[in-house]
Amino acid sequence: MDGLVDGAVPLGHGPAAVTVDGFEAFARVAQQRLYRTAYLLCGDAETARDLTQTTLAKLYQHWRRAGTAEHPHAYAKTVLTRTFLAERRRRLRDLLVLTRAGGTVPEPAADHTDLRVTLLAALAELPPRARAMVVLRYWDDQSVASVASQLRCSEATVKSQCSRSLARLRLRLADAGLSI
């Protein structure tokens, strides 16, 4: 009964959906789902928790609109993904300022042989937008059209980026002696 709380009406429909209680019910149901996606995007448990909380805070601010959406979980994932990408852009700007100022850039983590750790490390090497496309497309099993809509790009961009990203992931796993 995904999306249903205590046998009530589906989340996102009806007048109760826009109340604070409606938000709390939605947050309880959606929190773990959002966290899993955030973890795949971030590759770090603490950052994923922060991203999930930021997403829920943004949803709460706009709950009147989000609570009446036809698919509130899809709405939440869109907010999560866009928040992740905005944060990555901000970090990239900060990193560029740091390197121009003569600061040092930390080295990437060492290679791991475990499939899960290696896959997460390989995902972390992808650019944020490409990583978001792969996670949404293959982990969340969303359609090309849905991913394109969420990331505000063309379907052709999603297809080409996913194809290139999967090739990079396969190469990285092959280098580690693993395959998927």
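The values are calculated or read from the model by the stated rules, or taken from the named source; none is laboratory data. Quantities reported herein were computed from a predicted structural model and do not represent experimental measurements. Cβ sites come from the backbone with ideal geometry, for glycine too, and all protein chains shown count toward neighbours. Just so you know, the surface numbers come from the protein's heavy atoms only, side chains and all, with ligands and any DNA or RNA stripped out. Shrake-Rupley method; radii C 1.70, N 1.55, O 1.52, S 1.80 Å.
Based on what the data block shows, is CYS162 open to solvent by less than 40 Å² (accessible area, probe 1.4 Å), modelled with pLDDT of 80 or more and not in a helix (DSSP H, G or I)?
no
Hand me the list of helices (runs of 4 or more DSSP H) wholly inside the range 44-122 holding 2 or more residues that are at pLDDT 90 or above.
By residue number, 45-61, 72-100.
Mind counting the residues in the range 19-37 that are within 10 Å of the chain's Cα centre (by Cα) and either of a type in the set (Ser, Thr, Tyr) or within 11 Å of ALA76 (Cβ to Cβ) (or both)?
3
Please determine, by comparing only the residues of the range 125-150 that are basic (Lys, Arg) and free of Cβ contacts under 8 Å to residues at least 60 places away in the same chain, which one is nearest to ARG36 (Cα to Cα).
Among them, the one singled out is ARG137.
State the number of residues belonging to the range 37-88 that are touching a residue at least 60 places away in the same chain (Cβ under 8 Å) and open to solvent by 70 Å² or more (accessible area, probe 1.4 Å).
Final tally of qualifying residues: 1.
Being assigned to a helix (DSSP H, G or I), open to solvent by less than 20 Å² (accessible area, probe 1.4 Å) and either at pLDDT 85 or above or under 30 Å from THR118 (Cβ atoms) (or both), is that true of even one residue in the range 1-19?
Scanning the range 1-19, I find no residue that is assigned to a helix (DSSP H, G or I), open to solvent by less than 20 Å² (accessible area, probe 1.4 Å) and either at pLDDT 85 or above or under 30 Å from THR118 (Cβ atoms) (or both), so the answer is no.
Could you list, in sequence order, all residues of the range 165-179 that are surrounded by 11 or more Cβ atoms within 10 Å (Cβ to Cβ) and in contact (Cβ under 8 Å) with a residue 24 or more places away in the chain?
Answer for the range 165-179, where residues must be surrounded by 11 or more Cβ atoms within 10 Å (Cβ to Cβ) and in contact (Cβ under 8 Å) with a residue 24 or more places away in the chain: SER165, LEU166, ARG168, LEU169, ARG172, LEU173, ALA176, LEU178.
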